[in-house]
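Below is one structure, written out as structure tokens; the observations come after it.
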Amino acid sequence: DKEGKDGLSGDRTEVAVGNVDPSLIFTFLFGNDSFDDIVGRLSLVTQTLVGGSPDAEKFTRQQMIELERRRVVRLAISLRGRIQSYVDGDTEGAKATWKSKGEELVEVRYGEQILNTVGKCYSLVAQEVLGSWSEGLNAKVQAGQMKMDAATKAATAAQTTQDAAARGGGEEDALPHMVEMMWNITVIDISSTIREVVMKVLKDVSASDDIRKKRAKAVKELGEIWESLKSQKSDGMQQSVRNLYASATRAAMEKTLNKARSEEAADN
């Protein structure tokens, strides 16, 4: 590629870490395909992909809004399908399926954090629809507070990262704070999108009042199940920022290397 032989490791079978786009690492850290039908492509991942496109300058704000609209519609269709068996009366079967799916998801990279966040958002939005006026208001306040807390943590982590750089600290010092910042930005994105998704499903005017109420109950129970699930890994992987980042970096390096190999094969 444009880096030539310097873009590869010493044995030319790997990509040098310094030549891997940091934004691609972010994509693998929080953009796991396992959650594609639950949270979709995260906004920062979309911006990363658009920013790396040759046509990046052609993308307007309106086009980005349209991408987000399509994301919400696709996820609403997926959520409606996920809760349909509950709505149809098979409540126990549905809950068993949700729990089984959740137990798989909590074990992927950042899976526990993402699934718990999604679960909490599901529960709060459903409570906003199902509950009394005061209960709905309380749920809305909690959802807003969750986003405010994430924004505060993201800002604090960003400042700490800058302070570490100013002190001459290395990447190892800044890494946990950088990942913390990225994670909290992701929380804000997930919270905003999930709210729109759930509201689209629960306020569907093509469904009867009875169906909408059953959907709300289903989403609430799904949220409670997913919010409560925890990883069963005993090696501390879920809690180690460095391990998570290293894992995402390896995935990004592998993708970069595979792309380089494909381009080389095409040239030959």
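Within segment 188-211, the set of residues being open to solvent by less than 60 Å² (accessible area, probe 1.4 Å) and either aromatic (Phe, Trp, Tyr) or closer than 17 Å to Ser123 by Cβ (or both) comprises Ile190, Ser191, Ser192, Thr193, Ile194, Val197, Val198, Met199, Val201, Leu202.
Within segment 143-155, the residues that satisfy the criterion of being of a type outside the set (D, E, K, R) and open to solvent by less than 80 Å² (accessible area, probe 1.4 Å) are Ala143, Gly144, Met146, Ala150, Ala151, Ala154, Ala155. Residues in segment 87-135 that are small (Gly, Ala, Ser) and within 22 Å of the chain's Cα centre (by Cα) were compared, and the one that is surrounded by the fewest Cβ atoms within 10 Å (Cβ to Cβ) is Ser100.
Being among the charged types (D, E, K, R), assigned to a helix (DSSP H, G or I) and over 23 Å from the mean Cα position of the chain (by Cα) narrows it down to one of Asp210, Asp149, so name that one.
Just a single option satisfies the conditions, and that option is Asp210.
Candidates in segment 99-113 are the residues that are of a type in the set (A, V, I, L, M, F, W, C) and either assigned to a loop (DSSP other than H, G, I, E, B) or farther than 9 Å from Trp226 by Cβ (or both); of these, the one that is modelled with the highest pLDDT is Val106.
Residues of segment 21-64 that are modelled with pLDDT of 75 or more, open to solvent by 80 Å² or more (accessible area, probe 1.4 Å) and over 29 Å from Ala246 (Cα atoms): Arg61, Gln62, Gln63.
The values are calculated or read from the model by the stated rules, or taken from the named source; none is laboratory data. Here the structure is a predicted model, which is why all the values come from computation and not from measurement. Every residue, glycine as well, gets a Cβ built from its backbone with ideal geometry; the counts of neighbours run over all protein chains shown. In case anyone asks, the SASA skips ligands and DNA or RNA and just uses the protein heavy atoms, side chains included. Shrake-Rupley method; radii C 1.70, N 1.55, O 1.52, S 1.80 Å.
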